[in-house]
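Before any comments, here is the structure.
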Amino acid sequence: MDKLIIGGIELTSRLIIGTGKYPTNKIIPEVIKASKAQVVTVAILRMDFNSKDENILNFIPKSCVLMPNTSGARNADEAIRIAHIAKAAGCGNWIKIEVVSDNKYLLPDNFETIKATEILVKEGFVVLPYMNPDLMAAKRLRDVGAAAVLLNTAIATAENPILMGEAFGLTVDAGRKAYLSGAGAVKIYAEASSPLTGFLGN
């Protein structure tokens, strides 16, 4: 079976899902099951270790890789501090870097994201940054050691998050299979897809 290896862990699913914006935390396990996601991200600032009912960690299956994120960080220093807090709290060394310095448009700050990623990778973290789509910034993140680059999904805000989670899981799987199947040969000139011999009695 085709597997993705990140931070020494073999994953059969390439879909990573979040835990925010759902109408209720109770459906999170169902979304995870339907989507077959193995990596789940959660904002470290939303973790309430003193609450048995509202602690988001209670809704994430133990079989999943927990990936805290630095949501709320406005610069690299704040993101790094949140990553350290998450690790000290026992959440492991996987971290999703989110640095949003623009409160109006809520777009990730790629410069600060790259800065935080480089430092945390050197400290031994497995870093998966959330970034504003930019090819050069993505290449720079790769060069400083990012394990993968994340973009956001629309699962949590769908009318039926469980069904949308399943759809995303199928889509990621289909996309991977299409990639592995290999695209057709690229040709300079057009070529008929069906031969014309024998057409209309010829």
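The values are calculated or read from the model by the stated rules, or taken from the named source; none is laboratory data. Quantities reported herein were computed from a predicted structural model and do not represent experimental measurements. Backbone-built Cβ (ideal geometry, glycine too); neighbour counts: all protein chains shown. Only protein heavy atoms, including side chains, enter the accessible area calculation; ligands, DNA and RNA are left aside. Shrake-Rupley method; radii C 1.70, N 1.55, O 1.52, S 1.80 Å.
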Please find, within the stretch 81-117, the residue that is surrounded by the most Cβ atoms within 10 Å (Cβ to Cβ) out of those that are touching a helix residue (DSSP H, G or I) at 6+ places or on another chain (Cβ under 9 Å) and among the acidic types (Asp, Glu). Glu98
Counting only residues that are aliphatic (A, V, I, L, M), over 11 Å from Ile17 (Cα atoms) and in contact (Cβ under 8 Å) with a residue 60 or more places away in the chain, which one in the stretch 154-163 is surrounded by the most Cβ atoms within 10 Å (Cβ to Cβ)? Ile162
Being assigned to a strand (DSSP E or B) and open to solvent by 60 Å² or more (accessible area, probe 1.4 Å) is the filter here; which residues of the stretch 10-39 pass it? Glu10
For Ser71, which of the numbered conditions (1) open to solvent by less than 50 Å² (accessible area, probe 1.4 Å); (2) farther than 29 Å from Val31 by Cβ; (3) of a type in the set (S, T, N, Q) fails to hold? (2)
Where Val121 falls short, out of the listed (1) surrounded by 14 or more Cβ atoms within 10 Å (Cβ to Cβ); (2) under 25 Å from Gln38 (Cβ atoms); (3) at pLDDT below 95: (3)
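Pick out the one residue from Ile95, Ile6 that is in contact (Cβ under 8 Å) with a residue 60 or more places away in the chain, touching a Phe, Trp or Tyr at 6+ places or on another chain (Cβ under 9 Å) and within 23 Å of Gly124 (Cα to Cα).
Just one listed residue meets the conditions, Ile6.
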